């Protein structure tokens, strides 16, 4: 785990402890804000201190800096160590459950004598908590749903958190063992870009004489909890972060393609392939594809050979789930999916005008480095008080800053002045039409009222001529929030009717691949966005692209794969210009 994340967790835990103890609310809010800043910090903290960059970040004051410096020198924070002695830490770990905060735990601690996780879960399930003042049936039902989500997250983690960890392991192997490796890649559900991940699979091809050296280096990966298996063809480590297993398998170069296909899965996709192979007198394994009668090895060096020898079109990893892809591949009808290099811009990101970390200028420079043709600064509107949402007056001041940045970088990238406007409980918007019509692009999102069906609310928002995109339509965040009920068929009908796009929000993994596929079938335009709150999160569009591919989306289905004139035309056509 990197130091930024470790320190972010320390500040978050200090806030939890102080809230449990009933300490100063201002200090608690400060610690939580600092935790969020550090979690999304765009560079290594040591580098940020040496360069002086950290002094430019709003929300990091003298006391915070002292704790950061102390952590970098000693590996801990003395204040945190002192606070830990004052509370039952095991109980406070339950703040990871959605809806369970320090105040809830303190009530359970004082009124019911609860001291452990098991005690709390039992009290939640047997009705003991429901009988306490302030704990009605609805609150307990919400907590039980949160408990279910938390328990599921103990088994699987969201792709948005799993992917960078898998990449870190991959980068380590390339650096530490690169001289011994011919090819190395992520396999399994991460390669398929599945929404949630149970464990990790890394595949290496190398000559057999180098296998031992590669496995010896693999089990030395930093931040290992345990080495569970150390061999020459397979090794398994338990990672400290998220407590997940990671398998490394090595194969000869001649078996690379067949092993990659086999260890990518999915299980049901591979079962179907083996059935087809059997009908054709063939046998597939991780070592190759063989003629059953003669035993002759027919291929396996390249992954494409497996599909070709079965008489079918190559199937992209993301759609290998046995949901119709094999039948279409046999007919040569797999569509050309959107590519990871197809995005021309990102239309949803935040700056330090609302709840982001970086300035407008910093976000623009980062997008230029990513090679984007355009981008949209989309800060929150005034109802999102917790996100420091902007009033119309502040938006006007922000526009002045955007104009200054446009003069500096207008020849390199088009910067859209945008907004993520709140959809209010009655479906109206947080800003009047007279303000909305001034923006180049408008995203409308729900940030409250998650315990109700929000179909009508979104439908009304889409009827507004200035709304171009519905942000994170289900309000879902894998592993943290279930999302609200929607009649998605009606949402799709209205999106098509009003020419409103739906967002694939990379940070939240919302829409998921199932709903993306439905949108594609209905011809509804989609937008893949990062929803980045710092330059460090801009990379996450890779997750959105993976989900889009899992949902069978083509380049033409994604609005921000088109040039800027098409984006402007999309906006103007709805406004009736």
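Suppose the filter is modelled with pLDDT of 95 or more, part of a loop (DSSP other than H, G, I, E, B) and in contact with a helix residue (DSSP H, G or I) (Cβ under 7 Å, 6 or more places away or on another chain); does residue 524 pass it? Considered against the rule, which asks whether it is modelled with pLDDT of 95 or more, part of a loop (DSSP other than H, G, I, E, B) and in contact with a helix residue (DSSP H, G or I) (Cβ under 7 Å, 6 or more places away or on another chain), residue 524 comes out as yes.
Given the criteria within 20 Å of residue 330 (Cβ to Cβ) and either touching a residue at least 60 places away in the same chain (Cβ under 8 Å) or over 36 Å from the mean Cα position of the chain (by Cα) (or both), does residue 283 qualify?
Details: within 20 Å of residue 330 (Cβ to Cβ): yes; either touching a residue at least 60 places away in the same chain (Cβ under 8 Å) or over 36 Å from the mean Cα position of the chain (by Cα) (or both): yes.
Yes: the conditions hold for residue 283.
For segment 250-284, filtering for residues that are part of a loop (DSSP other than H, G, I, E, B) and either more than 20 Å from residue 197 (Cα to Cα) or in contact with a helix residue (DSSP H, G or I) (Cβ under 7 Å, 6 or more places away or on another chain) (or both) leaves 4. Looking across segment 360-381, the residues that are assigned to a loop (DSSP other than H, G, I, E, B) and touching a helix residue (DSSP H, G or I) at 6+ places or on another chain (Cβ under 8 Å) come down to 370, 373. Selection of segment 358-373 for residues being crowded, with 20+ Cβ neighbours inside 10 Å and within 16 Å of residue 401 (Cα to Cα) yields 358, 360, 363, 364.
Of the residues in segment 487-507, how many are part of a loop (DSSP other than H, G, I, E, B) and under 28 Å from residue 334 (Cβ atoms)?
Initially, segment 487-507 is screened for residues part of a loop (DSSP other than H, G, I, E, B), giving 487, 499-500, 506-507.
With the extra rule that they be under 28 Å from residue 334 (Cβ atoms), the set shrinks to 506.
Count: 1.
Which is closer than 22 Å to residue 547 by Cβ, buried (at least 18 other Cβ atoms within 10 Å of the Cβ) and assigned by TED's automatic domain parsing to the domain that holds residue 566, of 387, 376?
Selected residue: 376, the only one of 387, 376 that is closer than 22 Å to residue 547 by Cβ, buried (at least 18 other Cβ atoms within 10 Å of the Cβ) and assigned by TED's automatic domain parsing to the domain that holds residue 566.
Checking the structure you have, find out if any residue of segment 227-243 is crowded, with 19+ Cβ neighbours inside 10 Å, touching a helix residue (DSSP H, G or I) at 6+ places or on another chain (Cβ under 6 Å) and assigned to a helix (DSSP H, G or I). No. Assess whether residue 83 counts as being buried (at least 18 other Cβ atoms within 10 Å of the Cβ), over 30 Å from the mean Cα position of the chain (by Cα) and part of a helix (DSSP H, G or I). Yes, satisfied. When 419, 467, 442, 435 are checked against the criterion of being touching a helix residue (DSSP H, G or I) at 6+ places or on another chain (Cβ under 9 Å), closer than 25 Å to residue 41 by Cα and either at pLDDT 95 or above or crowded, with 18+ Cβ neighbours inside 10 Å (or both), a single residue qualifies: 419.
Tell me whether segment 498-511 contains one or more residues that are surrounded by fewer than 16 Cβ atoms within 10 Å (Cβ to Cβ), within 24 Å of the chain's Cα centre (by Cα) and more than 27 Å from residue 572 (Cβ to Cβ). No; the residues of segment 498-511 include none that is surrounded by fewer than 16 Cβ atoms within 10 Å (Cβ to Cβ), within 24 Å of the chain's Cα centre (by Cα) and more than 27 Å from residue 572 (Cβ to Cβ). Does residue 339 qualify as being under 30 Å from residue 55 (Cα atoms), surrounded by fewer than 18 Cβ atoms within 10 Å (Cβ to Cβ) and not assigned by TED's automatic domain parsing to the domain that holds residue 187? In short, no.
Applying the selection to segment 37-67, what residues are closer than 16 Å to residue 2 by Cβ and either in a helix (DSSP H, G or I) or over 26 Å from the mean Cα position of the chain (by Cα) (or both)? Before you say what the answer is, go through the steps one by one.
At the first step, the residues of segment 37-67 found to be closer than 16 Å to residue 2 by Cβ are 37-49, 54.
Selection gives 37, 38, 39, 45, 46, 47, 48, 49, 54.
Tell me, yes or no, whether segment 285-303 has at least one residue that is in a helix (DSSP H, G or I) and within 26 Å of residue 246 (Cβ to Cβ). Scanning segment 285-303 turns up at least one residue that is in a helix (DSSP H, G or I) and within 26 Å of residue 246 (Cβ to Cβ).
Would you point out which residue out of 97, 114 is buried (at least 18 other Cβ atoms within 10 Å of the Cβ), without any contact (Cβ under 8 Å) to a residue 60 or more places away in the chain, under 26 Å from the mean Cα position of the chain (by Cα) and over 30 Å from residue 359 (Cα atoms)? Step through it out loud before you land on a result.
Details: 114 fails: under 26 Å from the mean Cα position of the chain (by Cα).
Of the residues listed, the single one that is buried (at least 18 other Cβ atoms within 10 Å of the Cβ), without any contact (Cβ under 8 Å) to a residue 60 or more places away in the chain, under 26 Å from the mean Cα position of the chain (by Cα) and over 30 Å from residue 359 (Cα atoms) is 97.
Touching a residue at least 60 places away in the same chain (Cβ under 8 Å) and within 30 Å of residue 112 (Cβ to Cβ): does that describe residue 86? Criteria met by residue 86.
The values are calculated or read from the model by the stated rules, or taken from the named source; none is laboratory data. Note that the coordinates shown come from a computational prediction; the quantities given were computed from them, not determined experimentally. Glycine also receives a Cβ, built like all others from the backbone with ideal geometry; neighbour counts cover every protein chain displayed.
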